[in-house]
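Structure, as structure tokens:
The values are calculated or read from the model by the stated rules, or taken from the named source; none is laboratory data. Source: prediction; values computed, not measured. Methodologically, a virtual Cβ is constructed for each residue, glycine included, from the backbone with ideal geometry; neighbour enumeration extends over all protein chains shown. Side chains are part of the model used for accessible areas, which takes the heavy atoms of the whole protein and leaves out ligands, DNA and RNA. Shrake-Rupley method; radii C 1.70, N 1.55, O 1.52, S 1.80 Å.
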Amino acid sequence: MKAIRVHEFGGPEVLRVEEVATPEPDPGQVLVRMQAIGINPVETYIRAGTYAYKPTLPYTPGNDGAGVVEQVGPDVNEFKAGDRVYTAGSISGTYAEFALCKTEQVHPLPANVSFAQGAAMGTPYATAYRGLFQRADAKPGETVLVHGASGGVGMAAVQLARARGLRVFGTAGSDEGRSVDVIVELLANVNLGNDLTILANGGRVAIIGSRGRVEINPRDAMQRDVDLRGMVLPNTPPAELASIHAALVAGLENGTLRPVIGKEFPLAEAAQAHRAVMEPGAMGKIVLRTRK
């Protein structure tokens, strides 16, 4: 099969297409024929070697994707060959024509959802759901501010919040953006200091993303009994992760969740996709396609 391989950490140019052996599923595993692959900013940090987690070289990047089950391990009953699925995690990496996954990393993809939309689900929607509901404890009727509402996680947060009955803002700084109950913060090093000044009493900030340090005034948090709640998706306990994806699949089925696709690139242009996902103002999800 064709797969993107990284032999050394560095710029996007280290992403190269190679021919590698197609993996075989063991017990508890599923082999998925990938149709679309989701690109996430964290994958660019890992590729560059600047992320806390460094995979053993060489490796194939990627956790997110969507396609059709090709083969299942001998004890797998949850899925069968031909099932449409999306992936949220992978053993072998998803930047490839086939991806080997644990059974719990694979989730049903409803027939009314495209493969490209399925590829947008795993990291962005799970991150937004955990930040909003499991960490920030957002409730129907509350007001939520989403910083960076045009990207994959931001759009997911907006859709999830609206489906749950929250009032949603995409920007801050105006009078109507004040006294918000929950902030989904995707760039804490830029926004966190201001966030603390616009929260309502008892407000919560779910810190989902940051690219550096930030200086804040602790009194802004003290005066309003504000909570700052950080998160990274890999810390999610298995039971809570299963709950997240049960909710996401239901949202896809009933139409309340509709991932927005920004740009699509062929697998061989993974380097261009990595550049695109880091461009400011990107709208929608960046995906790779294994077929034209």
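Under the condition of being touching a strand residue (DSSP E or B) at 6+ places or on another chain (Cβ under 8 Å) and either farther than 22 Å from residue 151 by Cα or assigned to a loop (DSSP other than H, G, I, E, B) (or both), the residues counted in the range 187-199 number 3. The combined condition, being farther than 27 Å from residue 270 by Cβ, touching a Lys or Arg at 6+ places or on another chain (Cβ under 8 Å) and of a type in the set (S, T, N, Q), is fulfilled by residue 201. Return the residue satisfying two criteria in turn: it lies in the range 114-151 and is open to solvent by less than 10 Å² (accessible area, probe 1.4 Å) and in a loop (DSSP other than H, G, I, E, B), and of such residues it is farthest from residue 19 (Cα to Cα). Filtering first and then ranking leaves 138.
Among residues of the range 140-153 that are among the acidic types (Asp, Glu), those with a Cβ under 8 angstrom from a residue that is in a strand (DSSP E or B), sequence gap 6+ or separate chain, pair up as 142/167; 142/181; 142/182. Quick check on residue 264: is it charged (D, E, K, R) and out of contact with any strand residue (DSSP E or B) (no Cβ under 7 Å at 6 or more places or on another chain)? Considered against the rule, which asks whether it is charged (D, E, K, R) and out of contact with any strand residue (DSSP E or B) (no Cβ under 7 Å at 6 or more places or on another chain), residue 264 comes out as no. If you go through the range 198-222 and keep only what is among the polar types (S, T, N, Q) and at pLDDT below 90, you end up with just 210. The set of residues from the range 230-246 being modelled with pLDDT of 95 or more and under 20 Å from residue 146 (Cα atoms) comprises just one member, 244. Going by the conditions given, is residue 202 within 20 Å of residue 225 (Cβ to Cβ) and in a loop (DSSP other than H, G, I, E, B)? In short, no. Which condition number does residue 176 fail, the rest of (1) closer than 16 Å to residue 247 by Cα; (2) at pLDDT below 90; (3) of a type in the set (D, E, K, R) being met? It fails just one condition, (1).
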